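Participant: Following this message is one structure expressed as structure tokens.
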Amino acid sequence: MFLIVGGDSEIGAAAYRAMRAQGIAAAATTRRSDLVSAVRPFLDLAAEIDLFEPPLQTTAVCICAAIARIAACAADPQGTAFINVDRTLALADKFLARGIYVLFLSTNQVFDGQTPHVVPDAPYSAVSEYGRQKARIETVLRKRMARDAPAGILRLAKVVSTRMALLDGWIADLSAGKTIGAFCDMTLAPTPADLVCAAIIALLQDRLPGIFQFTGPRDVSYAEVGRFLAAYCNADPSLVKVTSARSAGLPEGSTPANTTLDSTTLRERYGLAAPDVWQVVTQLAATAKNASDPRPGLQ
């Protein structure tokens, strides 16, 4: 039995669906009282967790739950650290004490973004409060792993599902002849959610210790994505208004020049590799266009 902690999150929900689709015994925690069941146990990291018990026969857990917004962590370092660090570590230790494998989802934000394809054992250089919180958890888990605790860390950057609200909105606006604003100093190297789910399942099944990373192979700016979509929609390229994330007042750490991480281990061990950014964006754009096309058969 696998358990997803944070089953209401985008990645957690996707991983749970993938497990169920593959016939893997799985459960996923929820904070929604209307969803609670035997396979959707209630867990709120902001509330009492001492009495929480994982489902019987749980062998591996993936911790997806977190306050993952950079701005939220910057605005309330103490409050978010209570959830992202204190409660998360307490829960992880509870599982580890029972011999349950713990896979912790982390982030490229543990680095400053100055270097592309950062190797797993590079020293921490977090700029954002969110990244510093993740690095604190990683540091403790790495000490646990050094004492043979059954734990692993999976670092991710931008994970995209079949739909991405920002791109959907941009395509709708460009198709209607409206302008969009796109940051020239914010980058992404997207990884499809289904591949991330495959990585999570593989690591839970093999109970692999260590640090693993999974991102797209290269970064592009959001401004480049905007121009790409304008061409895709046959829209006037002047509709893409290039702006600066820094001048928009985003919190520190929001604009790393590079988000890519060295993903060699997952590629060599499991054959998992994210496609090129334009392949991912094209698929997202095609899905969005088909969903909005009023012609019969395309909805």
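The values are calculated or read from the model by the stated rules, or taken from the named source; none is laboratory data. It should be emphasised that the depicted structure is a prediction, and the values quoted were computed from it without experimental measurement. All Cβ positions, glycine included, derive from the backbone under ideal geometry; neighbour counts span all protein chains shown.
Participant: State all residues of the stretch 136-158 that are touching a Gly at 6+ places or on another chain (Cβ under 9 Å) and over 15 Å from L103 (Cβ atoms); if no residue qualifies, say none.
Facilitator: Answer for the stretch 136-158, where residues must be touching a Gly at 6+ places or on another chain (Cβ under 9 Å) and over 15 Å from L103 (Cβ atoms): A157, K158.
Participant: Next up: Run down V61, V85 and say which single residue is in a strand (DSSP E or B) and assigned by TED's automatic domain parsing to the domain that holds D206.
Facilitator: Being in a strand (DSSP E or B) and assigned by TED's automatic domain parsing to the domain that holds D206 holds for just one of V61, V85, which is V61.
Participant: If you check every pair at least six apart or on different chains, which have Cβ atoms under 6 Å apart with a residue in the stretch 194-205 that is among the β-branched types (V, I, T) first and a residue that is assigned to a helix (DSSP H, G or I) second?
Facilitator: So the pair list comes out as I200/A15.
Participant: Same structure again: If I ask for residues that are at pLDDT 95 or above and surrounded by fewer than 17 Cβ atoms within 10 Å (Cβ to Cβ), which ones from the stretch 141-168 would you list?
Facilitator: R142, K143, A146, R147, D148
Participant: Could you list, in sequence order, the residues of the stretch 221-264 that are assigned to a helix (DSSP H, G or I), β-branched (V, I, T) and surrounded by 17 or more Cβ atoms within 10 Å (Cβ to Cβ)?
Facilitator: V225 - this is the single residue of the stretch 221-264 that is assigned to a helix (DSSP H, G or I), β-branched (V, I, T) and surrounded by 17 or more Cβ atoms within 10 Å (Cβ to Cβ).
Quick grid of which residues meet (1) closer than 19 Å to V5 by Cα; (2) touching a strand residue (DSSP E or B) at 6+ places or on another chain (Cβ under 7 Å):
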position: G99; (1), (2): yes, no
position: L105; (1), (2): yes, yes
position: P116; (1), (2): no, no
position: T139; (1), (2): no, no
position: A146; (1), (2): no, no
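Participant: Restricting to the stretch 105-119, and then to whatever is within 16 Å of P217 (Cα to Cα) and hydrophobic (A, V, I, L, M, F, W, C), can you tell me which residue is surrounded by the fewest Cβ atoms within 10 Å (Cβ to Cβ)?
Facilitator: Restricting to residues being within 16 Å of P217 (Cα to Cα) and hydrophobic (A, V, I, L, M, F, W, C), the top hit is V119.
Participant: Among the candidates A68, A27, which residue alone is crowded, with 22+ Cβ neighbours inside 10 Å and either touching a strand residue (DSSP E or B) at 6+ places or on another chain (Cβ under 9 Å) or in contact (Cβ under 8 Å) with a residue 40 or more places away in the chain (or both)?
Facilitator: Going through A68, A27 in turn, the sole match is A27.
Participant: So which residues in the stretch 175-220 are surrounded by 22 or more Cβ atoms within 10 Å (Cβ to Cβ), within 14 Å of I153 (Cα to Cα) and of a type in the set (G, A, S)?
Facilitator: Residue satisfying the conditions is A199 alone.
Participant: Could you tell me which residue of the stretch 150-193 is nearest to R17 (Cα to Cα), considering only residues that are small (G, A, S) and without any contact (Cβ under 8 Å) to a residue 60 or more places away in the chain?
Facilitator: A165
Participant: If you don't mind, there's one more thing I want to ask. Of all residues in the stretch 30-51, which are of a type in the set (G, A, S) and either more than 20 Å from G79 (Cα to Cα) or surrounded by 16 or more Cβ atoms within 10 Å (Cβ to Cβ) (or both)?
Facilitator: S33, S37, A38 - these are the residues of the stretch 30-51 that are of a type in the set (G, A, S) and either more than 20 Å from G79 (Cα to Cα) or surrounded by 16 or more Cβ atoms within 10 Å (Cβ to Cβ) (or both).
Participant: Can you find, within the stretch 265-281, the residue that is nearest to R155 (Cα to Cα) among those that are among the charged types (D, E, K, R) and part of a helix (DSSP H, G or I)?
Facilitator: Looking at the filtered set, the residue picked out is R267.
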